[in-house]
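Following: one structure in structure tokens, then a few remarks.
Nothing in this text is a laboratory measurement; each read-out follows from the coordinates by a stated rule. Since we're looking at a predicted model, the values are computed, not measured. Here the Cβ positions follow ideal geometry from the backbone for every residue, glycine too, while neighbour counts run over all protein chains shown.
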């Protein structure tokens, strides 16, 4: 099968590799449909390895070359013997984190803070920029019928944005400032608006991104210059 594998800075190769075998306990074999290119992927390409493991990862034993792709949707091909929440043919979206489930943070329910955390498509044997991928079953959620596969691949970055807005304690009527309108910033603006923010401001020096700010619920884009603080004070 074909897969996009990261070898090092500015070295990504689309190669033929052996497909995964049959899923074992807790595993699900998927055929990815859509996969995003995350800012993390770009950082790896420009200056990696950073997150991708040059040496065997302590949790997954994965190491370069790494099959990329962690913002994904797809179709279930086969499930392991103890997986019951998804079945063959289901349309799914994935949460890419892999946690040990027994460290201090995992036991508290904060698996995203796992001391040996890994990630599908970054520090695990498989990633979604491939014809097939084997993933832990707990990563997967079935997509509702009214979401497309393309939208499904956006659920992971959308969750990041929603989490940021929730952590920011945004309430109805609040004024919110978004620093940067890349994909996460744009999704955060939409999340803030959905939670009832009264005014959504943004700082974005990229003219192309700034020109599209209104599509994401941003009321005004402010210049990233020495007058930024004064501009914010005038609007709040």
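Brief remarks on what is shown
- The chain - mean residue ellipticity at 222 nm from DSSP helices (-39,500 (n - 2.57) per run, n ≥ 4, rounded to 500): -6500 deg cm²/dmol
- Across the chain, the mean sequence separation of Cα contacts (distance under 8 Å, 6 or more residues apart), normalised by length, yields a relative contact order of 18 percent.
- Separation of region 182-230 from region 100-153 is 29 Å, based on Cα centroids.
- Counting every other Cβ atom within 10 Å of each residue's Cβ, 34, 126 order from fewest to most as 34, 126.
- For 29, 233, 222, order by how many other beta-carbon atoms lie within 10 Å, fewest first: 233, 222, 29
- For region 105-194, the relative contact order comes to 17 percent (Cα pairs under 8 Å, sequence separation of at least 6).
- Rounded to the nearest 5, the antiparallel percentage of DSSP beta bridges internal to the chain is 80%.
- Measuring r between the beta carbons of residue 195 and residue 141 and using R0 = 25 Å, the FRET efficiency lands at 0.70.
- Exposure proxy ranking for 38, 100, based on other Cβ atoms within 10 angstrom of each Cβ and starting from the fewest, stands as 100, 38.
- Separation in nanometres of the label points that stand 7 Å from Cα toward Cβ, at residue 84 and residue 107: 2.7 nm
- Cα-based convex hull volume of region 65-112 per residue, rounded to whole Å³: 135 Å³
- Based on C-alpha pairs under 8 angstrom that are at least 6 apart in sequence, region 157-235 has a relative contact order of 27 percent.
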